[in-house]
1. Rounded to the nearest 0.05, what FRET efficiency is calculated for THR215 and ALA238 with R0 set to 22 Å and r the Cβ-Cβ distance?
2. Per residue, how much accessible area does region 221-338 show when a 1.4 Å probe rolls over the protein heavy atoms, in square angstrom?
3. With a sphere of radius 12 Å drawn around the Cβ of TYR86, what net charge do the other residues whose Cβ falls strictly inside it have (Lys, Arg +1; Asp, Glu -1)?
4. Could you work out the relative contact order of region 291-338? I mean the mean sequence separation of Cα pairs under 8 Å and 6+ apart, divided by the number of residues, in percent.
5. Applying the Karplus parametrisation 6.51 cos²θ - 1.76 cosθ + 1.60 with θ = phi - 60° to the phi angles of region 209-220, what ³J(HN,Hα) value in whole Hz is obtained for each residue in order, glycine and proline being reported as x?
6. What full-extension length gain, to one decimal in nm, is calculated for GLU198 and GLU314 as 0.36 nm per residue of separation minus the Cα-Cα distance?
7. With each label point set 7 Å from Cα along the Cα-Cβ vector, what nm distance links GLU42 and ARG295?
8. What is the Cα centroid distance between region 176-232 and region 287-338, reported in whole angstrom?
Amino acid sequence: MARAGTRPTSRDVAQAAGVSQAAVSLVLGDKWRGRVSETTAERVREAARELGYRPNLAARNLRLGRTRTVLLVVPALTTEFFGGVYTGAARVAARHGFGVVLYPSPEGVGPARDPFASAQAALDGVIASSMAADALSAIRGDQLPLVMLDSDPRGSHGAVTVNLDIGDGARQVADHLLALGHRHFLHLAADVPSWTFEVRAQELAARLATVAGTTLRTAAAPISIEGALTATEAALTAPQGRRPTALVCDDDKLAAGAYKALRRLGLRVPDDISVTGVDDLGLATALDPELTTIRLDAETFGERGMAALLAVLEGRTPEEGDIPVELVVRGSTAPATP
(Lines give C-alpha, C1' and ligand atoms only; values in the text may rest on other atoms or scores of the structure.)
Protein backbone atom coordinates (compact mmCIF):
# COMPACT_ATOMS: atom_id res chain seq x y z
CA MET A 1 0.00 0.00 0.00
CA ALA A 2 1.10 3.62 -0.59
CA ARG A 3 2.52 5.45 2.40
CA ALA A 4 0.37 8.23 3.90
CA GLY A 5 0.97 11.55 2.13
CA THR A 6 2.65 9.95 -0.92
CA ARG A 7 1.22 9.42 -4.36
CA PRO A 8 0.53 5.74 -5.09
CA THR A 9 2.80 4.13 -7.68
CA SER A 10 2.34 1.37 -10.21
CA ARG A 11 4.24 -0.87 -7.77
CA ASP A 12 1.52 -0.21 -5.14
CA VAL A 13 -1.16 -1.11 -7.67
CA ALA A 14 0.68 -4.30 -8.62
CA GLN A 15 0.98 -5.31 -4.97
CA ALA A 16 -2.69 -4.60 -4.26
CA ALA A 17 -3.85 -6.51 -7.34
CA GLY A 18 -1.41 -9.39 -6.87
CA VAL A 19 0.14 -8.97 -10.33
CA SER A 20 3.42 -7.79 -11.81
CA GLN A 21 4.22 -4.16 -12.61
CA ALA A 22 4.39 -5.19 -16.26
CA ALA A 23 0.76 -6.33 -16.07
CA VAL A 24 -0.24 -3.02 -14.48
CA SER A 25 1.52 -1.16 -17.30
CA LEU A 26 -0.30 -3.22 -19.92
CA VAL A 27 -3.73 -2.75 -18.34
CA LEU A 28 -3.45 0.97 -17.60
CA GLY A 29 -1.89 1.54 -20.99
CA ASP A 30 -4.89 -0.24 -22.56
CA LYS A 31 -2.60 -2.81 -24.20
CA TRP A 32 -3.68 -5.83 -22.15
CA ARG A 33 -5.97 -7.64 -24.59
CA GLY A 34 -4.49 -11.00 -25.55
CA ARG A 35 -1.82 -10.65 -22.86
CA VAL A 36 -3.73 -10.76 -19.58
CA SER A 37 -7.21 -11.98 -18.75
CA GLU A 38 -10.27 -9.76 -18.44
CA THR A 39 -10.51 -10.76 -14.77
CA THR A 40 -6.94 -9.66 -14.12
CA ALA A 41 -7.44 -6.42 -16.02
CA GLU A 42 -10.51 -5.58 -13.93
CA ARG A 43 -8.60 -6.41 -10.73
CA VAL A 44 -5.85 -3.98 -11.74
CA ARG A 45 -8.33 -1.23 -12.61
CA GLU A 46 -10.15 -1.72 -9.31
CA ALA A 47 -6.90 -1.54 -7.35
CA ALA A 48 -5.92 1.65 -9.19
CA ARG A 49 -9.30 3.23 -8.40
CA GLU A 50 -9.15 2.27 -4.72
CA LEU A 51 -5.63 3.61 -4.33
CA GLY A 52 -6.40 6.79 -6.27
CA TYR A 53 -3.57 5.99 -8.67
CA ARG A 54 -3.10 8.11 -11.79
CA PRO A 55 -0.32 7.73 -14.35
CA ASN A 56 2.44 10.26 -13.83
CA LEU A 57 1.73 12.27 -16.96
CA ALA A 58 4.40 14.83 -16.20
CA ALA A 59 7.10 12.16 -16.06
CA ARG A 60 5.84 10.48 -19.20
CA ASN A 61 5.81 13.78 -21.09
CA LEU A 62 9.45 14.24 -20.13
CA ARG A 63 10.17 10.85 -21.70
CA LEU A 64 8.10 11.38 -24.81
CA GLY A 65 8.46 15.11 -25.29
CA ARG A 66 5.55 17.56 -25.17
CA THR A 67 2.33 16.46 -26.75
CA ARG A 68 1.48 20.12 -27.43
CA THR A 69 -2.11 19.35 -26.45
CA VAL A 70 -4.26 21.24 -23.92
CA LEU A 71 -7.56 20.15 -22.36
CA LEU A 72 -10.29 22.81 -22.11
CA VAL A 73 -12.90 21.76 -19.52
CA VAL A 74 -16.21 23.66 -19.69
CA PRO A 75 -19.87 23.12 -18.78
CA ALA A 76 -22.00 21.41 -21.42
CA LEU A 77 -22.13 23.57 -24.54
CA THR A 78 -25.63 24.87 -23.95
CA THR A 79 -24.76 28.43 -25.03
CA GLU A 80 -22.47 29.96 -27.62
CA PHE A 81 -20.36 31.57 -24.89
CA PHE A 82 -18.13 28.56 -24.30
CA GLY A 83 -17.86 28.06 -28.04
CA GLY A 84 -16.32 31.53 -28.11
CA VAL A 85 -13.97 30.62 -25.26
CA TYR A 86 -12.81 27.60 -27.27
CA THR A 87 -12.35 29.67 -30.43
CA GLY A 88 -10.16 32.18 -28.62
CA ALA A 89 -8.09 29.49 -26.87
CA ALA A 90 -7.61 27.52 -30.10
CA ARG A 91 -6.53 30.65 -31.99
CA VAL A 92 -3.71 31.39 -29.56
CA ALA A 93 -2.81 27.69 -29.29
CA ALA A 94 -2.49 27.35 -33.07
CA ARG A 95 -0.05 30.25 -33.24
CA HIS A 96 2.20 28.32 -30.86
CA GLY A 97 1.79 24.90 -32.42
CA PHE A 98 -0.63 23.57 -29.78
CA GLY A 99 -3.99 21.85 -30.15
CA VAL A 100 -6.97 22.22 -27.81
CA VAL A 101 -9.21 19.30 -26.84
CA LEU A 102 -12.66 20.44 -25.70
CA TYR A 103 -14.07 18.47 -22.77
CA PRO A 104 -17.64 19.45 -21.79
CA SER A 105 -19.00 18.17 -18.48
CA PRO A 106 -21.96 15.98 -19.57
CA GLU A 107 -24.49 17.40 -17.11
CA GLY A 108 -23.38 21.00 -17.49
CA VAL A 109 -22.16 21.26 -13.91
CA GLY A 110 -20.94 18.34 -11.84
CA PRO A 111 -18.61 15.35 -12.02
CA ALA A 112 -17.53 14.24 -15.45
CA ARG A 113 -16.12 10.93 -16.64
CA ASP A 114 -12.43 10.68 -15.91
CA PRO A 115 -10.62 11.98 -19.03
CA PHE A 116 -7.56 10.05 -17.88
CA ALA A 117 -9.30 6.69 -17.54
CA SER A 118 -6.89 5.51 -20.23
CA ALA A 119 -3.21 6.01 -19.56
CA GLN A 120 -2.86 6.79 -23.27
CA ALA A 121 -4.03 10.32 -22.40
CA ALA A 122 -1.12 12.77 -22.55
CA LEU A 123 -1.57 16.49 -22.09
CA ASP A 124 0.59 19.51 -21.42
CA GLY A 125 -1.98 21.37 -19.33
CA VAL A 126 -5.60 22.12 -18.51
CA ILE A 127 -7.78 25.23 -18.79
CA ALA A 128 -11.04 24.87 -16.85
CA SER A 129 -14.12 26.97 -16.16
CA SER A 130 -15.13 27.20 -12.51
CA MET A 131 -18.64 26.16 -13.58
CA ALA A 132 -17.18 22.75 -14.47
CA ALA A 133 -14.85 22.59 -11.47
CA ASP A 134 -16.34 19.34 -10.15
CA ALA A 135 -15.13 17.64 -13.31
CA LEU A 136 -11.61 18.36 -12.10
CA SER A 137 -11.94 15.68 -9.43
CA ALA A 138 -10.55 13.39 -12.13
CA ILE A 139 -7.52 15.63 -12.72
CA ARG A 140 -4.58 15.76 -10.35
CA GLY A 141 -3.32 19.35 -10.21
CA ASP A 142 0.12 18.20 -9.09
CA GLN A 143 0.58 16.43 -12.41
CA LEU A 144 -0.56 19.08 -14.90
CA PRO A 145 -0.35 22.87 -15.07
CA LEU A 146 -3.86 24.23 -14.50
CA VAL A 147 -5.42 27.59 -15.39
CA MET A 148 -8.87 28.35 -13.97
CA LEU A 149 -11.34 30.64 -15.75
CA ASP A 150 -13.99 32.57 -13.82
CA SER A 151 -12.65 31.34 -10.52
CA ASP A 152 -11.92 32.73 -7.06
CA PRO A 153 -8.23 33.71 -7.12
CA ARG A 154 -8.05 33.15 -3.35
CA GLY A 155 -9.16 29.53 -3.43
CA SER A 156 -8.71 28.27 -6.96
CA HIS A 157 -7.82 24.72 -7.94
CA GLY A 158 -5.02 26.12 -10.05
CA ALA A 159 -2.11 28.41 -9.38
CA VAL A 160 -3.28 30.79 -12.12
CA THR A 161 -6.72 32.34 -12.61
CA VAL A 162 -8.08 34.40 -15.51
CA ASN A 163 -11.27 36.34 -14.84
CA LEU A 164 -13.72 38.66 -16.49
CA ASP A 165 -14.48 41.73 -14.37
CA ILE A 166 -17.92 40.35 -13.61
CA GLY A 167 -18.20 42.34 -10.38
CA ASP A 168 -17.89 45.56 -12.36
CA GLY A 169 -20.56 44.24 -14.72
CA ALA A 170 -23.00 43.91 -11.83
CA ARG A 171 -22.15 47.44 -10.70
CA GLN A 172 -22.71 48.79 -14.22
CA VAL A 173 -26.17 47.20 -14.34
CA ALA A 174 -27.06 48.56 -10.90
CA ASP A 175 -25.88 52.07 -11.77
CA HIS A 176 -27.81 52.05 -15.05
CA LEU A 177 -31.06 51.01 -13.38
CA LEU A 178 -30.62 53.35 -10.42
CA ALA A 179 -30.07 56.26 -12.82
CA LEU A 180 -33.39 55.36 -14.46
CA GLY A 181 -35.07 55.77 -11.08
CA HIS A 182 -35.53 52.11 -10.20
CA ARG A 183 -35.60 51.32 -6.49
CA HIS A 184 -37.36 47.94 -6.31
CA PHE A 185 -35.39 45.04 -7.77
CA LEU A 186 -35.76 41.32 -8.35
CA HIS A 187 -32.53 39.38 -8.95
CA LEU A 188 -33.14 36.26 -11.04
CA ALA A 189 -30.05 34.37 -9.90
CA ALA A 190 -28.53 31.33 -11.60
CA ASP A 191 -29.03 28.29 -9.40
CA VAL A 192 -25.44 27.17 -9.90
CA PRO A 193 -22.87 26.86 -7.07
CA SER A 194 -20.19 28.92 -8.78
CA TRP A 195 -17.92 31.76 -7.72
CA THR A 196 -18.92 33.93 -10.69
CA PHE A 197 -22.59 33.95 -9.67
CA GLU A 198 -21.72 34.60 -6.03
CA VAL A 199 -19.75 37.68 -7.09
CA ARG A 200 -22.64 39.00 -9.19
CA ALA A 201 -25.06 38.67 -6.27
CA GLN A 202 -22.67 40.27 -3.78
CA GLU A 203 -21.78 43.23 -5.99
CA LEU A 204 -25.39 43.90 -7.01
CA ALA A 205 -26.55 43.89 -3.40
CA ALA A 206 -23.64 46.06 -2.25
CA ARG A 207 -24.21 48.68 -4.93
CA LEU A 208 -27.99 48.88 -4.40
CA ALA A 209 -27.46 49.19 -0.64
CA THR A 210 -25.67 52.50 -1.16
CA VAL A 211 -28.94 54.14 -2.29
CA ALA A 212 -31.65 54.79 0.28
CA GLY A 213 -35.08 53.28 -0.31
CA THR A 214 -34.01 50.37 -2.47
CA THR A 215 -35.38 46.85 -2.04
CA LEU A 216 -33.89 43.66 -3.45
CA ARG A 217 -35.45 40.22 -3.64
CA THR A 218 -33.76 37.14 -5.08
CA ALA A 219 -35.25 34.18 -6.95
CA ALA A 220 -33.01 31.26 -7.95
CA ALA A 221 -33.51 29.48 -11.26
CA PRO A 222 -31.66 26.84 -13.30
CA ILE A 223 -30.10 28.31 -16.42
CA SER A 224 -32.92 27.37 -18.76
CA ILE A 225 -35.81 29.25 -20.30
CA GLU A 226 -38.41 27.05 -18.60
CA GLY A 227 -36.65 27.30 -15.26
CA ALA A 228 -36.51 31.08 -15.51
CA LEU A 229 -40.16 31.28 -16.55
CA THR A 230 -41.27 29.24 -13.53
CA ALA A 231 -39.08 31.14 -11.06
CA THR A 232 -40.14 34.55 -12.38
CA GLU A 233 -43.85 33.70 -12.25
CA ALA A 234 -43.52 32.39 -8.70
CA ALA A 235 -41.57 35.45 -7.52
CA LEU A 236 -43.94 37.99 -9.05
CA THR A 237 -47.15 36.33 -7.88
CA ALA A 238 -45.97 35.78 -4.30
CA PRO A 239 -47.47 38.19 -1.72
CA GLN A 240 -44.22 39.97 -0.86
CA GLY A 241 -45.00 43.65 -0.97
CA ARG A 242 -44.43 46.03 -3.85
CA ARG A 243 -43.79 44.56 -7.28
CA PRO A 244 -40.24 45.19 -8.55
CA THR A 245 -39.76 47.62 -11.43
CA ALA A 246 -36.45 46.07 -12.50
CA LEU A 247 -35.52 42.42 -13.07
CA VAL A 248 -31.77 41.70 -13.07
CA CYS A 249 -30.95 38.32 -14.67
CA ASP A 250 -27.64 36.44 -14.32
CA ASP A 251 -27.76 35.24 -17.91
CA ASP A 252 -29.42 36.14 -21.22
CA LYS A 253 -31.19 32.77 -21.27
CA LEU A 254 -32.71 33.56 -17.87
CA ALA A 255 -33.88 36.89 -19.29
CA ALA A 256 -35.58 35.10 -22.19
CA GLY A 257 -37.53 32.93 -19.75
CA ALA A 258 -38.40 36.01 -17.71
CA TYR A 259 -39.81 37.69 -20.83
CA LYS A 260 -42.20 34.77 -21.30
CA ALA A 261 -43.30 34.89 -17.67
CA LEU A 262 -43.90 38.64 -17.79
CA ARG A 263 -46.05 38.34 -20.90
CA ARG A 264 -48.13 35.59 -19.24
CA LEU A 265 -48.66 37.93 -16.29
CA GLY A 266 -49.75 40.76 -18.56
CA LEU A 267 -46.65 42.87 -17.88
CA ARG A 268 -44.82 44.82 -20.57
CA VAL A 269 -41.07 45.18 -21.03
CA PRO A 270 -39.88 47.85 -20.34
CA ASP A 271 -43.09 49.84 -19.63
CA ASP A 272 -44.01 47.88 -16.50
CA ILE A 273 -40.67 46.28 -15.68
CA SER A 274 -37.12 46.68 -17.00
CA VAL A 275 -35.03 43.56 -17.65
CA THR A 276 -31.26 43.06 -17.94
CA GLY A 277 -29.07 40.06 -18.75
CA VAL A 278 -25.44 38.96 -18.89
CA ASP A 279 -23.40 37.57 -21.83
CA ASP A 280 -24.72 39.45 -24.90
CA LEU A 281 -25.42 36.25 -26.78
CA GLY A 282 -27.18 36.25 -30.15
CA LEU A 283 -30.34 35.67 -28.14
CA ALA A 284 -30.09 39.21 -26.71
CA THR A 285 -30.96 40.83 -30.05
CA ALA A 286 -33.50 38.13 -30.96
CA LEU A 287 -35.71 39.15 -28.03
CA ASP A 288 -38.33 41.86 -28.44
CA PRO A 289 -37.53 44.39 -27.14
CA GLU A 290 -33.81 43.77 -27.53
CA LEU A 291 -32.08 43.06 -24.25
CA THR A 292 -29.92 45.42 -22.22
CA THR A 293 -27.07 43.19 -21.11
CA ILE A 294 -23.44 42.93 -20.01
CA ARG A 295 -21.23 41.98 -22.95
CA LEU A 296 -18.63 39.35 -22.07
CA ASP A 297 -15.88 38.89 -24.65
CA ALA A 298 -15.74 35.09 -24.73
CA GLU A 299 -13.00 34.88 -27.36
CA THR A 300 -10.71 37.26 -25.47
CA PHE A 301 -11.43 35.17 -22.37
CA GLY A 302 -10.25 32.02 -24.16
CA GLU A 303 -7.24 33.81 -25.60
CA ARG A 304 -6.14 35.05 -22.18
CA GLY A 305 -6.64 31.61 -20.65
CA MET A 306 -4.47 29.95 -23.29
CA ALA A 307 -1.84 32.69 -23.07
CA ALA A 308 -1.70 32.21 -19.29
CA LEU A 309 -1.16 28.47 -19.67
CA LEU A 310 1.59 29.00 -22.24
CA ALA A 311 3.26 31.43 -19.83
CA VAL A 312 3.17 28.80 -17.07
CA LEU A 313 4.63 26.16 -19.39
CA GLU A 314 7.43 28.53 -20.35
CA GLY A 315 8.14 29.68 -16.80
CA ARG A 316 6.86 33.23 -17.38
CA THR A 317 4.45 35.30 -15.27
CA PRO A 318 0.99 35.43 -16.92
CA GLU A 319 -0.66 38.75 -17.70
CA GLU A 320 -2.49 40.13 -14.68
CA GLY A 321 -5.77 42.05 -14.39
CA ASP A 322 -9.37 41.14 -15.08
CA ILE A 323 -10.83 41.42 -18.58
CA PRO A 324 -13.16 44.46 -18.84
CA VAL A 325 -16.87 43.94 -19.52
CA GLU A 326 -19.32 46.37 -21.13
CA LEU A 327 -22.94 47.32 -20.52
CA VAL A 328 -24.88 47.35 -23.80
CA VAL A 329 -28.06 49.39 -23.42
CA ARG A 330 -31.00 48.37 -25.59
CA GLY A 331 -34.78 48.55 -25.44
CA SER A 332 -35.48 46.37 -22.39
CA THR A 333 -34.71 49.11 -19.85
CA ALA A 334 -36.53 52.40 -19.34
CA PRO A 335 -37.29 54.90 -16.55
CA ALA A 336 -39.16 53.40 -13.61
CA THR A 337 -42.89 53.93 -13.56
CA PRO A 338 -44.32 55.60 -10.42
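1. On the way: r = 14 Å, r/R0 = 0.63.
Efficiency, from the Cβ-Cβ distance: 0.95.
2. Values: 4990 Å² over 118 residues.
Per residue, region 221-338 has 42 Å² of solvent-accessible surface.
3. Numbers: positive: ARG91; negative: GLU80, GLU299, GLU303.
The answer is -2.
4. Details: 37 pairs, mean separation 28.6, N = 48.
Once normalised by length, the contact order is 60 percent.
5. Karplus-based 3J(HN,Hα) across region 209-220 equals 5, 7, 10, 5, x, 8, 10, 9, 10, 10, 10, 8 Hz.
6. Numbers: separation 116, 0.36 × 116 = 41.76 nm, distance 3.30 nm.
Full-extension gain reported as 38.5 nm.
7. So the two model labels end up 5.7 nm from each other.
8. 19 Å
The values are calculated or read from the model by the stated rules, or taken from the named source; none is laboratory data. The model shown is predicted, which means the values in this text are computed figures rather than measured ones. A quick note on method: Cβ atoms are made from the backbone with ideal geometry, for glycine too, and the neighbour counts reach across all protein chains shown. Side chains included, ligands, DNA and RNA excluded: accessible areas come from the protein's heavy atoms. Shrake-Rupley method; radii C 1.70, N 1.55, O 1.52, S 1.80 Å.
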